[in-house]
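The values are calculated or read from the model by the stated rules, or taken from the named source; none is laboratory data. If you're wondering where the values come from, they're calculated on a predicted model, not measured in any experiment. Neighbour counts run over all protein chains shown; Cβ positions are idealised from the backbone, glycine included.
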Amino acid sequence: MIPPRIRRDLARREQEARALLESHPDFPKAKVQIYERWKANKIPERLAATKRGSDERMEILLESLNACGEAYVRLVSNMQLHKAFSVTLRAQAKHAWADLTGQPFDPLLIALFGKIGNDRWKTLVDCVLRWENEGMRGLIPVGNKNETRRRGYRDHIRAWMRKMEIGTVKDAARRLGVSESTLKSVMSAKGKVRYGDQTLADILKKTGYESNRNGE
C-alpha cells in the first residue's frame, strides 16, 4: 500500500497540475471537446453496459483516456504546461484502472491481478507516454519539424470503411477511437491539421495502411 504521506503528496501534485491546466484560456474548449467526444461515442452508456475487468470495458476506458489526451495536449505550449499535462493524464490513467478493477490504484496491487492486470496497466501507461511524446513534439520549433509529411488519406479511409461496411465518417471515427473532426482532418489534404503524428500513425495502423519507401 502507498504510505498516507506519499498519497497526500501525489494528490497535492495532481491538484496543482490540474489547476495549472485550468488556468489556460483554452481549457473550457478542451473540456467541451472531451464532453462532446464522450457524448458522440456514448461512453457513459457503454461503460454502464459492461462488466468490470472485461476487455470491452478496457477498450472504452482507453478510448476515454485518448479523448482526454487529444484535448489536453493542445494546451501544452511550454515545459511547465507539459509537466502539468503529464501529471493530469497519469492521474486519468489511475482513475481508469480503478474503474476497470473496482479497486483504488496502488502499484503493489497490480501484481495481484496477474499477467492480465500487468498488461492492461502497461497499455494505459503506453497511452499516456504516447500523448506525453505528442505534447513534447508540439514544443519543437517549427523550423525543426518535418513540414513535408503527406496530407489527405481520404481514398484509403473510404476504402477501409467499405471493407468494414461502415457507412459514415462519424461511425468510422468511433471505431478508430478518435473524434469525427480529427478523422475528417486526416482524410483532407487542406485546412488546419487537427491531429498529431502519433494519432495519425494509430489511425493508419488500425486501417491497414502501408506506405512505400518514400512514405507516400
Counting just the residues of segment 182-198 that are part of a helix (DSSP H, G or I) and over 21 Å from Ala40 (Cα atoms), which one comes out nearest to the chain's Cα centre (by Cα)?
Gln198
Determine whether segment 21-36 contains at least one residue that is of a type in the set (Gly, Ala, Ser), within 16 Å of the chain's Cα centre (by Cα) and in a helix (DSSP H, G or I).
yes
Of all residues in segment 204-216, which are in contact with a Phe, Trp or Tyr (Cβ under 8 Å, 6 or more places away or on another chain) and either modelled with pLDDT of 85 or more or surrounded by fewer than 10 Cβ atoms within 10 Å (Cβ to Cβ) (or both)?
Leu204, Thr207, Gly208
Tabulated pairs, segment 192-203, first among the hydroxyl-bearing types (Ser, Thr, Tyr), second modelled with pLDDT of 85 or more and in a loop (DSSP other than H, G, I, E, B), C-beta under 7 angstrom, 6+ apart or interchain:
Thr199/Val178
Scan segment 70-84 and give yes if some residue there is in a helix (DSSP H, G or I), free of Cβ contacts under 8 Å to residues at least 40 places away in the same chain and under 20 Å from Arg137 (Cα atoms), otherwise no.
no
Scope segment 79-101; condition in contact with a Gly (Cβ under 8 Å, 6 or more places away or on another chain) and under 10 Å from Glu132 (Cβ atoms); matching residues:
His82, Phe85, Ser86, Leu89
In segment 37-52, residue farthest from the chain's Cα centre (by Cα) [restricted to those that are surrounded by 15 or more Cβ atoms within 10 Å (Cβ to Cβ) and not charged (D, E, K, R)]:
Thr50
Residue pairs qualifying under the 7 Å Cβ cut-off, at least six apart or on distinct chains, with the first in segment 160-174 being aromatic (Phe, Trp, Tyr) and the second being exposed (fewer than 13 other Cβ atoms within 10 Å of the Cβ), are Trp160/Gly208
Mind listing just one residue for me: the one in segment 106-154 that is in a helix (DSSP H, G or I) and of a type in the set (S, T, N, Q) and, of those, modelled with the lowest pLDDT?
Asn144
Failed item in (1) within 18 Å of Phe85 (Cα to Cα); (2) loosely packed, with under 15 Cβ neighbours inside 10 Å, with Ala30 passing the rest:
(2)
Out of Leu61, Leu10, Leu47, I need the residue that is aliphatic (A, V, I, L, M), in a helix (DSSP H, G or I), closer than 20 Å to Phe85 by Cα and at pLDDT 90 or above. Which one?
Leu61
